[in-house]
Every structure is written in C-alpha cells, then in structure tokens.
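Throughout, read-outs are computed from the coordinates displayed, never taken from laboratory work. Just so we're clear, the structure is a prediction, and the values are computed from it rather than from any experiment. Neighbour counts run over all protein chains shown; Cβ positions are idealised from the backbone, glycine included.
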Amino acid sequence: AGQRGRGAQVRHFATIARVPGDPILGLLDAYRADGNPAKLDLGVGVYKDASGLTPIPRAVKLAEQRLIDGETSKTYIGGHGAPEFGERLLELCFGNGNALLADGLLGATQTPGGTGALRLAGEFIARNLPGRGIWLSDPTWPIHETLFAACGLKVGHYSYVGADNRLNVEAMLAALAHLPKGDVVLLHACCHNPTGFDLAPRDWKRVLEVVKARELLPLIDFAYQGFGDGLEEDAWAVRLFAAELPELLVTSSCSKNFGLYRERTGALIVRADNLEKLLDIRSQLAFLARNLWSTPPSHGAAVVAEILGDTELKALWAAEVDAMRRRVADLRTGLAEALRPHGLAERFAHIAEQRGMFSYTGLTPAQVQRLRDEFSVYLVSSGRASVAGMSEARLDYLAGAIARVCQA
Ligand code: LMR
C-alpha cells in the first residue's frame, strides 16, 4: 500500500539531471577506488609527507591540546569570527607593525576556508558593487569560474599562460589594460593555481600601475602563504597593493599552511580608505555571511589564533611550513632530474622553476588520461600535477610514466 501511495505522488525531482563530478575533488574518489598498489595521487592540492600522509603539524596538535583543556564553551562566535584570529591573521598577512594595522584600515572576516572567503567576496561584489565584472587569469582554479558565476557575476579572462605553457606577462598586461574601468581583477598572491607560474616583483609593480590606470579593484587570492618562497616573501605583493591602493580585497586560507584543510579556516580581508568605510563594509559582510553560513566554524580559527599568539608555537609552526616548502621544492627539482634520462629534462624544465604546490606540466588531456589508465597516476585533466603529492621514492616511476605517454 505504501508503494502504491508513493506511486500516486507527483515527482518533483523528475527533471533533475546529473552533473559531472568536481574536476578536482572527483579525482579523490577515482583514486581511492583504484586497486593498483603503484597508484599516485597528484590531483587535489594537499601536502603529503614521504609516507604519503597529509600530516597534522605538531604546532597544530599542541594548540588543539590546549584548546581541549581550556575551552569552556561552544556558544556561537560572532559573524566576523574570533577577533583574536582576525587580528593575528592580519599580522601574518601584512606583517607586524604594518601602518595600516595600526590605523585600523584592515578588517578580517572569518570564513569557512578560502573558498568561503571567495564566495563572500563574490556576494559582496554582486550586491554592493552591482554591474562590475570579475576577471580571472586564463587558466585559473576551476572553482573560481563556477563560484563567481554562481554569485551572478559576469566572469571574463585575461591572458596568463601562452600556448607554449609559459607565463606571458606582456600578454597579461595588455589584457588588463583593456578591462572595463572599475571591474574586479582576481590575482593569485603566490603559488598560482593551477600553473605554478608566479609574477616577479617587477611584474607586480607593472600590474599595479595598470590596476591604478584602469581603476580596477583587485581581489587577491592568498591560499598558499609559505609555500612559494617563504611566509614573509609570499606576502610581498599583498603588502605592496595594500600600501599603494586605498581599497583592496584579499582572501586568505589556512588550509595548506596550517594543514587545517577539513577544518575550513580562512578569512576575507578588506583594506578600506578610512575607518568609517571599513565599518560600513564590515556591516555588509556580516549581513551576507549571516545569510550564507550564519557564523563561521570555530575550531580551526581557534587553533590558528593559539599558534600565532604564542611565540614558541609560532616558531615551531613557521619551521614546519618551511620544511614543507623545501620538500616540495626538492620534489620539483627531483622530478626534473628523473626526467633527464628520458631526454625530457629540457621539455619539463619549467617544473623546477614554478612555485608552490602545483605544476602545469603541459601534458594534454589525452596524456593525462593515459597516465591514469595505464599507470594509475592521477592529475587534473588540465595537466596540473600536485607536486606536493609526490614522493621521492616514486619519482622514477612517475618520470617513466610521463616518458611513455609523451612518446608519439
Ligand atoms: C586544489 O586546487 O586542489 C585545492 O585548492 C583544493 C581545492 O579545494 O580544490
């Protein structure tokens, strides 16, 4: 009878179609289902140690222990998150003693990860700066494309990497010089995702000049602080732009550098022209956040605040970030070396020059598919490899596989 009863009901979901899995997270499922013991996961951008584990930094474990012992309540934190998290994250991004901090012209709103910060930024632009388009590097992180479109923003692209798989700064500058005045331009602070090609300081200065001339609003995605050249070095462009421009948006993520991926810890940072305007904007962000996720999750941000607020824990953490950064850099040169006996050292020399977790290898979607089918090596179909997912012991296997799929 129950069956018949249900059968008579209208099917509201009848027209809902299936969409393809996430271009990055979907690889995780395919990798897990692969029975080949030689499999290699170079898909999603998570750091792995030599044993293939994504470790919890010791500084995080120590901070978590303190929280377990000391936390007395699980009541809500405010719409902007924990104030001590915001203050310490601002110091990390902009440097202790930054004049903008002293002047109160920077505000951080805690978000569920860097993606939450991007969504909040997108909603802010859509609601508070109506009519502005957003311009993304070609290529960029695929979720940038869908996320800003979901906010209702008009998404466009500026050149970044040429058909030769090399950074083309001149083409980038030429494209930026033609953007509509007042539009938003998304820039990657460091460790460009997916390519690994970063701008040099002299390039950043030229981008800044175009941003000023075209009256663009930069939104700087800062997801990999510490994985490029170092915690301070990687913040250089963010600090330059904040010093030189009256207004700026920055999305900061603690997923990678604190190893807090699943704790969803990040912030949308606003640099405003004056204190009153900052308060106006923050009132809008709190309103938007309330309608997206109400209040942010607490745990990861509490861990970050604990670490950054304690001299010893902070030093331990900074050393751990540095060790991760060095290891990924060594894997880059290691892979370039492993490709040498196959006569591919020159063709893939860019792998050693790129920065951060990713390498845009230049492999075609068909070659990526063969790597997966024949060698159980998983890359994003764009040819992006997560170098941070490799291991020293497997470099020869990987180089051999790449050599095979590169043979005509
Ligand atoms: C990536 O690009 O792999 C990372 O940013 C993780 C993610 O959320 O996609």
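Below, the figures for the structure above:
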quantity	calculated
Over the chain: helical MRE at 222 nm, DSSP H runs n ≥ 4 each giving -39500 (n - 2.57), nearest 500	-13500 deg cm²/dmol
Relative contact order for the chain, counting Cα pairs under 8 Å that sit 6 or more residues apart, in percent	25
Per-peptide average of other Cβ atoms within 10 Å, ordering 133-139, 23-29, 322-328 highest first	133-139, 322-328, 23-29
Å³ per residue enclosed by the Cα convex hull of the range 121-232	103
Principal axis dimensions, the range 177-223 - Cα atoms, whole angstrom, descending	28, 20, 15
Cα convex hull of the chain - mean projected area over all directions, nm²	24.4
Debye log10 I(q)/I(0) for the range 78-150, one point scatterer per Cα, at q = 0.19, 0.20 Å⁻¹	-0.93, -0.98
GNM result for the chain, Cα springs below 10 Å: residue of A59, A385, A319 fluctuating most strongly	A319
Relative contact order [Cα under 8 Å, 6+ residues apart], the range 20-150, whole percent	15
Spread of Cα-to-Cα distances over 5 Å intervals beginning at zero, given as percent, for the range 288-408	2, 10, 16, 18, 13, 8, 9, 10, 8, 5, 1, 0
Electrostatic dipole magnitude of the range 90-231 [Cβ: Lys, Arg +1; Asp, Glu -1; Cα centre; debye, to 20]	340
Point-charge dipole on Cβ atoms (K/R +1, D/E -1) for the chain, about Cα centre, debye to 20	1380
Fluctuation leader among F197, F13, F85 - the chain, Gaussian network, Cα springs under 10 angstrom	F13
Burial ranking of peptide ranges 300-310, 120-130 (average Cβ count within 10 Å, highest at the top)	300-310, 120-130
Cα-based Kirkwood hydrodynamic radius, the range 304-375, one decimal, Å	14.7
Bins of 10 Å from zero: percent of alpha-carbon pairs in the range 1-136	8, 18, 25, 25, 17, 6, 1, 0
Surface/4 estimate of mean projected area, convex hull on alpha-carbon atoms of the range 166-283, nm²	8.1
Selected from S253, P194, P57, residue furthest toward positive end of dipole (the chain; charges at beta carbon)	P194
